[in-house]
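To keep things clear, I will list the structure first and then write my remarks on it.
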Amino acid sequence: MQALEWQKISEEALARLLSDAELKSSAAVGNGTLYQLLLEGQEQIVISLPAGEVVLIKGAGTNTKGRRKVDIHEG
């Protein structure tokens, strides 16, 4: 399973995401709204909560620390 990261974003950032990304689905959940977006090939989940709070959840960046790079064409 891919590691996830989350961050609080502004309502303005949400508006930009909704205009830039492909909206896969959305649903009202209680007093909030859940959005499933696709932006540059990466799926993202955005949760818009009451009082203007917005949380963005997406896959964490690839961490290659501790990995070896192997040339498959070598020897």
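Apart from one condition, A60 fits all of (1) modelled with pLDDT of 90 or more; (2) in contact with an Asp or Glu (Cβ under 6 Å, 6 or more places away or on another chain); the exception is (1).
Reported count of residues in segment 2-33, each being of a type in the set (S, T, Y) and either within 12 Å of L49 (Cα to Cα) or part of a helix (DSSP H, G or I) (or both), is 3.
The values are calculated or read from the model by the stated rules, or taken from the named source; none is laboratory data. Keep in mind that what you see is a predicted model, and the values were worked out from it rather than measured. We place every Cβ from the backbone using ideal geometry, glycine too, and count neighbours over all the protein chains shown.
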